[in-house]
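Beneath this line is the structure, given in structure tokens, with notes to follow.
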Amino acid sequence: MIARLVNVLALGFVLSLDNFRTSLLLGPLRMSRPRTVLVALNFGLWDGLAPLLGLLIGDYVGNAIGPISDDIGPLVLLAYGAYLLIRAWREPAGAADDEFAQSWTLFGLPLPLSIDNIVAGTSLGLLGVSPWLPALIFGVTTAVMSLVGLVLGRLAFRLVFSRVNIRYEIVTGTALIIEAAVLFFLAGRGN
């Protein structure tokens with residue numbers, strides 16, 4: 001029982017790392033503190049619901065989405081990065097600050113990043129693990145890791161780029177595109 005709990009905790013931490021990495025990149029977006037917490041909770045919500053879905057639906061979902069799960073997250077990151085760069089190019093500096101920070105896209109972004117959690121949940125279900133504990137652990141772990149990532153990303157941007165006249169949406173958009181390219185490269189090497 002304790003070994004199984006430790007395994008679920010470790011898996012929850014590992015699965016939260018993609019959200020942490022993405023949160024680091026989203027940190028420079030000028031979100032209010034309540035909005036930052038809300039975004040982190042949204043990341044946690046999706047990462048908690050995804051394994052629950054996988055555990056409840058079972059092997060069918062894992063087999064159906066398993067082959068494409070590595071591609072969906074990077075595609076969404078690429079699209080959001082491109083969106084940020086296009087908006088930065090089309091609008092003058094400062095014109096879209098609130099819009100970027102309040103964008104609904106931030107709330108849709110965690111969903112594709114949680115697809116690997118459906119597969120993990122399916123695997124745990126096949127091992128006979130109750131669906132509720134992993135969902136809670138994955139959700140809380142991801143929310144905390146995402147909040148830490150958002151805060152650290154914002155601090156890093158302030159320390160590194162605040163002295164240089166560069167727009168935060170350009171930094172974030174470029175970083176998300178690079179992250180997507182690296183993820184595509186790593187997924188291609190794994191095949």
message = Looking for something at pLDDT 75 or above and within 12 Å of Glu169 (Cα to Cα) - is there at least one such residue anywhere in region 33-44?
response = no
key: Output for region 78-110, where each listed residue is part of a helix (DSSP H, G or I), at pLDDT 75 or above and not basic (Lys, Arg)   = Leu78, Ala79, Tyr80, Gly81, Ala82, Tyr83, Leu84, Leu85, Ile86, Ala88, Trp89, Pro110
key: In region 127-162, residue nearest to Leu17 (Cα to Cα) [restricted to those that are polar (S, T, N, Q) and surrounded by fewer than 16 Cβ atoms within 10 Å (Cβ to Cβ)]   = Ser130
The one condition in (1) farther than 22 Å from Ala82 by Cβ; (2) at pLDDT 85 or above that Leu26 fails to fulfil = (1)
query = Do you know which of the residues in region 1-30 that are in contact with a Phe, Trp or Tyr (Cβ under 9 Å, 6 or more places away or on another chain) and outside any helix (DSSP H, G or I) is surrounded by the most Cβ atoms within 10 Å (Cβ to Cβ)?
reply = Pro28
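The values are calculated or read from the model by the stated rules, or taken from the named source; none is laboratory data. The model shown is predicted, which means the values in this text are computed figures rather than measured ones. Virtual Cβ from ideal backbone geometry, glycine too; neighbours counted across all protein chains shown.
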